[in-house]
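Data block below; observations after.
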Amino acid sequence: MMLRNNIVLKEPQFTYTVDMDVKKLLDMEPRAWDFIARLEPKLGAVEYMPKEKLASDLVSMLNASNKGYDHELGIRDTYNDSICPQDKKPRVAVIGSGPSGLFASLVLGELGADVTLLERGQPVEQRGRDIGALAVRRILQSESNFCFGEGGAGTWSDGKLVTRIGRNTDGVQAVMQTFVHFGAPPNILVDGKPHLGTDKLVPLLRNFRHHLRELGVTIRFNARVDDLIVEDRQVKGIVVSDSELRPGSGSQKLSFDAVVLAVGHSARDTYNMLQQHNVDMSPKSFAVGLRIEHPQELINSIQYSELAAEVQKGRGRIPVADYKIVKSVGEKNAEELDIAEQSRSCYSFCMCPGGQVVLTSTDPSELCINGMSFSRRASKWANSALVVTVSSHDFKPFRSHGPLAGVEFQREFERRAAVMGGGNFVVPAQRVTDFISNRLSVTTLPPSSYRLGVRPSKLHELFPPYITEALQQSIIMIDREMPGFVAKEALLHGVETRTSSPLQISRYGETYESTSLQGLYPIGEGAGYAGGILSAAVDGMYCGFALAKQLSLFHGDI
Ligand code: FAD
């Protein structure tokens with residue numbers, strides 16, 4: 001979705017390539033529109049942008065115009081920067097540099113807004129060192145970890161590029177092509193289950209950052225937004241902790257015409273701040289559970305049977321096997337039952353073949369985990385979360401927290417897990433065979449990929465029975481489908497709580513603007529509108545277009 005493209009213009013006497021800068025065209029230079037009108041039948045050369053839309057947007061804007069194009073004028077000559085003077089550019093703050101914030105910044109930067117991207121964490125280079133210190137020395141940096149920092153939560157991840165929003169939609173295609181432009185291998189455009197891996201994501205993000213800076217986007221790391229400046233229910237600016245520019249100097253107030261909120265689902269302090277401003281939010285369903293890990297060879301042999309045996313003998317190669325499972329447990333008439341007995345979905349989530357279990361806590365008193373891998377997926381373990389859906393009925397004990405009830409629900413189990421693990425980020429663990437029999441694992445636990453240690457625990461006592469029983473039943477059902485899944489080598493780790501946002505921030509469908517605060521644009525996973533790298537990026541991209549339209553930087557349909 002790079003808006004800068006080359007168009008090949010072919011006329012009877014001429015064949016030449018024009019560097020077409022769509023951003024500037026959209027700044028409404030009339031002669032540029034005329035030029036494009038004449039190019040209209042040849043717009044097939046436009047890449048990245050959903051090209052039909054770009055063409056139809058431009059053509060509909062040009063229909064009224066019938067001025068001729070002067071061949072003596074190069075396209076660059078038709079630009080007139082004074083039409084949109086630098087100091088009149090609308091000022092937009094984008095909070096958070098995860099996929100949604102990056103793509104919103106990209107679109108807004110390309111379309112001519114004066115964008116400041118604020119990220120509480122560190123750039124990927126320093127973030128890598130902080131994550132290393134966590135894995136080796138147990139030092140958790142509160143602002144630079146598996147959830148916070150450049151690239152957002154998905155940077156140290158498996159980088160699976162799968163989505164439920166439709167792989168071939170214009171939005172997803174535009175995001176994938178942008179990834180390729182920034183250095184992702186082109187095979188992600190054709191693979192059935194594309195994935196990047198952390199080692200590919202890090203350089204990609206570095207290229208993304210350089211491009212944003214070239215566009216004029218100001219990027220500030222180590223800059224946590226602590227508050228919004230609100231007047232008459234309209235956001236006028238932000239208050240940002242200022243440790244990067246002036247260490248120890250406290251906070252800084254900055255004014256903006258619009259604020260895009262792309263903070264992800266772990267920014268609990270930001271949720272609290274929004275609650276204090278009475279921003280419309282409501283609890284949303286998500287899922288909680290445990291992460292199961294098997295030797296990768298075992299999953300290969302379950303999924304590939306004889307083929308895997310041949311490979312073990314050194315004959316041929318097969319890709320590491322994965323799995324995706326959805327089960328429904330307790331299928332009874334929900335009206336006759338109380339909440340605890342209602343039917344629930346139990347499914348595998350974020351399966352990482354050839355990966356490792358990692359710590360995704362942002363606070364040392366809470367413990368939660370997820371999975372990541374490198375592009376080769378070469379580790380000897382296969383891990384996946386097994387999670388059960390929970391909804392606002394389940395958050396009743398935390399009702400006093402209002403829209404943040406789901407956050408408190410998550411926190412409750414993260415704290416219990418930290419206590420069960422005994423501290424120091426040691427994870428409570430249990431053999432799957434013992435979990436389904438409600439007994440502590442007394443023999444030595446099988447090895448785990450989790451670097452900070454595991455402790456034998458009664459994970460069957462961590463969650464309320466309605467979650468534990470749903471997990472137990474579904475594990476037994478999975479074993480029937482994948483015989484060998486319940487194995488003595490299979491180890492459950494606790495807990496997986498941050499599968500998606502526990503709340504949704506209300507916004508208008510077309511404008512992406514908050515229903516309660518003008519000038520605030522909540523996007524991505526943290527706002528409850530995405531569940532993964534691709535859907536978050538697409539949400540950010542479309543918000544960018546919607547906001548650009550409101551700021552009169554873009555005049556097409558979204
Ligand atoms: P995030 O990526 O969470 O980004 C939010 C950003 O905002 C963060 O960088 C944070 O530091 C910043 N921020 C928060 N508060 C503030 C503030 N107050 N001021 C300034 N900055 C702030 N998804 C997949 O599709 N495939 C996978 O393989 C995959 N694996 C994952 C593995 C792990 C370990 C984790 C944790 C997640 C994984 N996910 C995966 C989920 C995916 O990362 C998220 O869905 C996605 O990153 C959400 O994007 P986002 O932009 O909405 O938010």
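The values are calculated or read from the model by the stated rules, or taken from the named source; none is laboratory data. This is a predicted model, so every value here is computed, not measured. Neighbour counts are summed over all protein chains in view; Cβ atoms, including those assigned to glycine, are modelled from backbone coordinates with ideal geometry.
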Query raised in the report: Taking the condition out of contact with any Asp or Glu (no Cβ under 6 Å at 6 or more places or on another chain) and part of a helix (DSSP H, G or I), does VAL442 pass?
Result: no
Query raised in the report: Which one of ASP199, ASP191, ASP158 is buried (at least 18 other Cβ atoms within 10 Å of the Cβ), among the acidic types (Asp, Glu), within 16 Å of the ligand (Cβ to nearest atom) and assigned by TED's automatic domain parsing to the domain that holds GLY98?
Result: ASP158
Query raised in the report: Going through segment 524-547 one residue at a time, which ones are in contact with a strand residue (DSSP E or B) (Cβ under 9 Å, 6 or more places away or on another chain) and more than 7 Å from the ligand (Cβ to nearest atom)?
Result: ALA527, GLY528, TYR529, CYS543, GLY544, ALA546, LEU547
Query - In segment 349-379, the residues that are within 27 Å of GLN303 (Cβ to Cβ), in contact with a Leu (Cβ under 8 Å, 6 or more places away or on another chain) and at pLDDT 95 or above - result: ILE369
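Against the definition (near the ligand (Cβ under 7 Å from one of its atoms), within 15 Å of the chain's Cα centre (by Cα), aromatic (Phe, Trp, Tyr) and under 16 Å from SER97 (Cβ atoms)), how does PHE146 come out, yes or no?
When the stated conditions are applied, PHE146 passes them.
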Query raised in the report: Is there a residue in segment 466-480 that is farther than 23 Å from ILE325 by Cβ, touching a residue at least 40 places away in the same chain (Cβ under 8 Å) and under 29 Å from the mean Cα position of the chain (by Cα)?
Result: no
Requested in this report: Test ARG127 against the criterion of being within 11 Å of the ligand (Cβ to nearest atom), in contact with a strand residue (DSSP E or B) (Cβ under 9 Å, 6 or more places away or on another chain), free of Cβ contacts under 8 Å to residues at least 40 places away in the same chain and in the same structural domain as ALA536 (by TED's automatic domain parsing), and give yes or no.
Outcome: yes
Query - Where GLY264 falls short, out of the listed (1) small (Gly, Ala, Ser); (2) away from the ligand (no atom under 14 Å from the Cβ); (3) not in a strand (DSSP E or B) - result: (2)
Query raised in the report: Which pairs do you get when a residue that is hydroxyl-bearing (Ser, Thr, Tyr) and at pLDDT 95 or above, found in segment 277-302, comes within reach of a residue that is in a strand (DSSP E or B) and crowded, with 22+ Cβ neighbours inside 10 Å, reach meaning Cβ atoms under 8 angstrom, with the pair 6+ apart or on two chains?
Result: SER282/LEU503; SER285/VAL390
Query raised in the report: Which of (1) within 11 Å of the ligand (Cβ to nearest atom); (2) within 30 Å of ASP232 (Cβ to Cβ) is the odd one out, the single condition LEU520 does not satisfy?
Result: (1)
Query raised in the report: Which residues, counting only those in segment 511-549, are polar (S, T, N, Q) and either without any contact (Cβ under 8 Å) to a residue 60 or more places away in the chain or on the phi > 0 side of the Ramachandran plot (or both)?
Result: THR511
Query raised in the report: Hey, among the residues in segment 132-143 that are surrounded by fewer than 20 Cβ atoms within 10 Å (Cβ to Cβ) and assigned to a helix (DSSP H, G or I), which one's farthest from the ligand (Cβ to nearest atom)?
Result: ARG137
Query raised in the report: Can you find a residue in segment 179-186 that is touching a Leu at 6+ places or on another chain (Cβ under 8 Å) and within 11 Å of the ligand (Cβ to nearest atom)?
Result: no
Requested in this report: Give, as residue ranges, the strands (runs of 3 or more DSSP E) completely inside segment 489-558 that count at least 1 residues that are over 24 Å from LEU228 (Cβ atoms) and in contact with a helix residue (DSSP H, G or I) (Cβ under 9 Å, 6 or more places away or on another chain).
Outcome: 491-496
Requested in this report: Tell me, yes or no, whether segment 504-522 has at least one residue that is touching a His at 6+ places or on another chain (Cβ under 7 Å), at pLDDT 95 or above and farther than 20 Å from PRO90 by Cβ.
Outcome: no
Requested in this report: Taking only segment 272-306 into account, find how many residues are surrounded by 23 or more Cβ atoms within 10 Å (Cβ to Cβ) and within 11 Å of the ligand (Cβ to nearest atom).
Outcome: 2
Query raised in the report: Restricting attention to segment 346-365, which residues are more than 13 Å from the ligand (Cβ to nearest atom) and crowded, with 23+ Cβ neighbours inside 10 Å?
Result: CYS346
Query - Breaking point among (1) surrounded by fewer than 20 Cβ atoms within 10 Å (Cβ to Cβ); (2) closer than 30 Å to PHE545 by Cβ, for ILE505 - result: (1)
Query raised in the report: What about THR497, is it without any contact (Cβ under 8 Å) to a residue 60 or more places away in the chain, more than 23 Å from ILE165 (Cβ to Cβ) and among the hydroxyl-bearing types (Ser, Thr, Tyr)?
Result: no
Report summary line: If we keep only residues of segment 366-396 that are under 16 Å from VAL426 (Cα atoms) and touching a helix residue (DSSP H, G or I) at 6+ places or on another chain (Cβ under 6 Å), then the residue nearest to the ligand (Cβ to nearest atom) is CYS368
Query raised in the report: Restricting the search to segment 146-160, which residues are touching a Ser or Thr at 6+ places or on another chain (Cβ under 6 Å), of a type in the set (A, V, I, L, M, F, W, C) and over 17 Å from ASN383 (Cβ atoms)?
Result: CYS147
Query raised in the report: Among the candidates GLY101, GLY109, GLY121, which residue alone is near the ligand (Cβ under 7 Å from one of its atoms), assigned to a helix (DSSP H, G or I), buried (at least 24 other Cβ atoms within 10 Å of the Cβ) and in the same structural domain as GLY544 (by TED's automatic domain parsing)?
Result: GLY101
